[in-house]
């Protein structure tokens, strides 16, 4: 990549799509998962803070920063469930990776696609450590923009190859089934949640409604299931009935954030949870038996975006899948910024 001080590599949506397809979606998810897992293993090296959120009746806008002391990364992301009515995405995002030593950005990239990919990769990393080793069937409740990514990540890391889809909008399930045709899945489109979860090993809930909901009720969750709860990600928004939480072993990313935004906002502030990084690092037990119900209360954390930014920066090297963005002022003499401005008129 360029060494010109004024230039920052920029990955557009078009370039991100071409990058993913050139690598292959499942390989991309597998490699990205390795970066996510690596950064969970070195969790203690990161600055950690709950994301900065601006909530409104229509949605939320968030900044998600972190640093490992060498690089600094942040993501701008929104969540506006009503956007689909206007033909807009529910979630959009972009991110920056910078060099801590000099403060200069090293990468600017779209993160709407990348967030979907890293969310799926994180789900699969969690399931790799928490689901039963012989898990092959997954129900996906909520078949919108995230569903296909979740399915492919679980296939790539766990070997999930049977899917049961349900969405209150039948079109969404049919869209998901159509998009996944040719990827090696046995897909059943279901008429309700009960039908979808019957006999499954993994249940992924990934709905968009900004409300307290019980997408999944306690009577539908059998022994040995791993639940991947993705859709709850802000105060007042949940997907699981609280009785499920009381039966399950709960694993989270960053407790101070998850207790505000995740499914566990329904529980007492001191309810026992296990940080996922401890399981990945071998410091805590994950699944303790085949009969145990495990729950990954996923709200998304900045280290996962940091992992995705690191991966993309490494991956675009030597490819045509980025532009050189003239983003930084670079006067001949660093102290003569105004002189650079005047010389531009010459």
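Only the coordinates and a few stated rules stand behind these numbers; no lab work does. Note that this is a predicted model, so its numbers are computed, not measured. When we count neighbours, we look across all protein chains shown, and the Cβ atoms used for this are built from the backbone with ideal geometry, even at glycine.
The table that follows gives values for the structure above.
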{"item": "Per-residue [θ]222 nm for the chain (sum of -39500 (n - 2.57) over DSSP H runs n ≥ 4, rounded to 500)", "result": "-10000 deg cm²/dmol"}
{"item": "Relative contact order (%) - segment 9-79, alpha-carbon pairs under 8 angstrom, separation at least six", "result": "19 percent"}
{"item": "Between helix 147-158 and the chain: long-axis angle, C-alpha atoms, 0 to 90°, nearest 10", "result": "80 degrees"}
{"item": "Neighbour-count order for 304, 263, fewest beta carbons within 10 angstrom listed first", "result": "304, 263"}
{"item": "0 to 90° range, to nearest 10: angle between helix 13-23 axis and the chain longest Cα axis", "result": "60 degrees"}
{"item": "Potential lengthening between residue 70 and residue 329 on full extension [0.36 nm per residue; Cα-Cα distance subtracted]", "result": "91.0 nm"}
{"item": "Sorted by Cβ neighbour density within 10 Å, fewest at the top, the residues 136, 51", "result": "136, 51"}
{"item": "Efficiency of FRET from Cβ geometry, residue 169 and residue 99, R₀ 41 Å, rounded to 0.05", "result": "0.40"}
{"item": "Chain lengthening between residue 86 and residue 285 when straightened (0.36 nm per residue, less Cα-Cα)", "result": "67.1 nm"}
{"item": "Residue 346-residue 272 pseudo-label distance in nm [points 7 Å out on the Cα-to-Cβ vector]", "result": "7.3 nm"}
{"item": "Kirkwood-type radius of segment 123-300, with distances r between different C-alpha atoms, in Å", "result": "15.9 Å"}
{"item": "Descending semi-axes in Å of the chain, equivalent ellipsoid built from Cα gyration tensor", "result": "37, 21, 19"}
{"item": "Relative contact order computed over the chain (Cα-Cα under 8 Å; 6+ residues apart), in percent", "result": "21 percent"}
{"item": "Residue order, fewest to most surrounding Cβ atoms within 10 angstrom, among 315, 4, 75, 18", "result": "4, 18, 315, 75"}
{"item": "Cα-Cα separations in segment 1-47 greater than 16 Å, expressed as whole percent", "result": "61 percent"}
{"item": "Relative contact order [Cα under 8 Å, 6+ residues apart], segment 123-300, whole percent", "result": "24 percent"}
{"item": "Where a label projected 7 Å from the Cα of residue 26 along Cα→Cβ would reach, residues of segment 137-161 with amide N under 16 Å", "result": "137-138, 148-161"}
{"item": "Inter-part distance where segment 214-271 and segment 303-343 are each reduced to a Cα centre, Å", "result": "40 Å"}
{"item": "Separation between Cα centres of segment 154-208 and segment 97-111, rounded to whole Å", "result": "37 Å"}
{"item": "Folded to 0 to 90 degrees: helix 170-179 orientation relative to the chain principal axis, Cα", "result": "60 degrees"}
